[in-house]
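One structure below.
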Amino acid sequence: MRWKRHKAWTALLMALMVTGASATAAVPAKGDVLLAPERIWTADGDTAHTGWEVLVHDGTIAAVGPAGSIQAPAGAQRIALPGATLTPGLIDLHSHVFLHPYNETLWNDQVLKEPQDYRTLEAAAHARATLLAGFTTLRDLGTEGAGYADVSIKRAIDEGMIPGPRMFVATRAIVATASYGPGPRGFRPDMDLPSGAQEISGVDEAIRATREQAGHGADWIKLYADYRVGTDGSTQPTLSLAEMKAIVDTAHLSGRPVAAHASSDEGVRLAVEAGVDSIEHGYGASEATFRLLKQHGTAYEPTLTAVESTAQYFEHYVPGQSAPTARMKDAERAFRTALKLGVIIGNGSDVGVFTHGDNWREPANMVRDGMTPPQALHAATNVAARILRQQQNFGRIAPGMHADLAAFTGDPSTHIDDLQHPVFVMKDGTVYRTPQSTP
Ligand SMILES: [Zn+2]
């Protein structure tokens with residue numbers, strides 16, 4: 001199945017070369033491109049504008065507005081996208097390009113049996129699938145045992161060596177000693193197994209790990225505020241408040257934000273008190289705790305699709321047919337609470353748990369659980385860009401922004417499921433997908 005995808009990509013690459021488009025992203029593409037879709041959703045409001053066009057100049061958006069109001073320079077390439085809606089390139093704030101679905105290979109087996117070299121090649125393929133799905137930016141939250149290889153993936157994409165989204169990487173991530181898999185949890189105590197993240201105990205080690213990861217190229221620092229360490233396997237806090245504060249202070253001094261994996265109410269509360277910038281999962285957080293997020297301006301990535309996927313793999317859940325599982329109900333309750341309170345919600349799916357390129361499922365699940373389609377689109381564009389502190393660079397279709405654009409058959413601002421039909425992708429002005437070059 002993967003081989004077919006490789007062949008398809010080679011065909012696309014050749015098609016683009018034939019039409020003269022560059023496959024590199026290192027420098028913004030030169031020249032003028034006029035995009036003429038059916039309609040444009042700019043992220044500045046909620047409704048799409050029919051009959052609008054976008055002019056791209058040297059990789060940057062030069063103009064957007066009604067057709068006829070835009071003066072395209074002579075020689076500009078015109079790309080028509082009939083029946084499609086153009087949106088800002090989509091953003092997923094919680095990915096793992098070094099993982100693939102757990103029903104293909106269990107997480108323990110990926111971390112313990114797949115060589116890092118192989119996982120890095122997989123990550124390159126996953127990055128390509130992500131970009132072609134219309135997701136032009138990822139915040140990748142941990143390599144899960146693959147060291148600092150995400151820094152190399154990011155570099156190869158930036159240099160135009162491989163196609164992929166803009167990457168904000170977290171490298172190894174930080175966990176409390178003996179609180180994360182694979183070893184020692186569930187294995188013989190005399191086996192010395194690697195951990196899926198960097199283990200620390202104490203404030204000194206917290207500071208050291210943060211500096212090490214920043215020094216090796218982390219854009220964000222990720223910590224695990226809790227994990228399944230209870231005597232009954234329940235999720236309990238792991239890092240202490242003092243350890244998390246040390247991580248946050250050290251990261252912030254160097255200008256790096258912090259993302260916290262936290263599922264339990266207490267874990268989320270401690271992480272927010274420690275000053276983290278985003279909470280990942282949050283399924284068990286109470287209304288009082290979500291009020292704390294609101295107060296602190298802490299962002300929240302609900303990762304509804306991770307829960308749905310594990311329910312499919314391990315609890316016989318069938319989307320659209322089965323009743324939601326207990327964990328799915330927890331996740332939905334948390335999401336609805338955050339939505340009601342006006343917590344900043346970013347699109348973060350935990351893709352890698354499910355297939356790369358199926359990132360559209362998270363916005364779709366956010367609509368299933370209470371958002372309107374425009375709310376879900378905002379969460380995956382301008383709101384996500386703001387969480388990344390990149391709102392001046394991308395996330396909207398406006399003059400001066402990087403030309404990161406995607407188009408989908410239909411209109412996702414009224415039918416969110418239309419996100420599963422991408423027909424056009426541009427990053428930094430380089431075209432990676434057109435209706436003619438469908439991979
Ligand atoms: Zn994750």
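Here are some notes:
- Qualifying residue in the range 161-184 (condition: in contact with a strand residue (DSSP E or B) (Cβ under 7 Å, 6 or more places away or on another chain) and part of a helix (DSSP H, G or I)): no
- Whichever residue in the range 316-333 is away from the ligand (no atom under 16 Å from the Cβ) and part of a helix (DSSP H, G or I) and, among such residues, is surrounded by the most Cβ atoms within 10 Å (Cβ to Cβ): Met328
- Filtered by the rule that a residue be outside any loop (DSSP other than H, G, I, E, B) and more than 16 Å from the ligand (Cβ to nearest atom), the range 97-111 gives a lone residue, Asp109.
- Any hit, the range 308-315, residues being among the small types (Gly, Ala, Ser), surrounded by 24 or more Cβ atoms within 10 Å (Cβ to Cβ) and over 30 Å from Leu55 (Cα atoms): yes
- Any hit, the range 188-209, residues being surrounded by 24 or more Cβ atoms within 10 Å (Cβ to Cβ) and over 23 Å from Asp350 (Cβ atoms): yes
- The residues on offer are Gln375, Gln312, and the sole one that is more than 16 Å from the ligand (Cβ to nearest atom) and not assigned by TED's automatic domain parsing to the domain that holds Gly134 is Gln375.
- Cβ-Cβ under 6 Å pairs, at least 6 apart or on other chains, the range 114-136 side in the same structural domain as Val151 (by TED's automatic domain parsing), far side buried (at least 23 other Cβ atoms within 10 Å of the Cβ) and part of a helix (DSSP H, G or I): Ala123/Ile153
- A single member of Asp249, Asp232, Asp219 is in a loop (DSSP other than H, G, I, E, B), surrounded by fewer than 24 Cβ atoms within 10 Å (Cβ to Cβ) and at pLDDT 95 or above, and it is Asp219.
- Picking from residues in the range 112-148 that are outside any strand (DSSP E or B) and of a type in the set (Ser, Thr, Tyr), the one that is nearest to the chain's Cα centre (by Cα) is Thr130.
- Test: residue in the range 205-219 that is in contact (Cβ under 8 Å) with a residue 40 or more places away in the chain and more than 29 Å from Val383 (Cα to Cα): yes
The values are calculated or read from the model by the stated rules, or taken from the named source; none is laboratory data. Just so you know, these numbers come straight off a predicted model, no measurement behind them. Cβ: placed from backbone, ideal geometry, glycine included. Neighbour counts: every protein chain shown.
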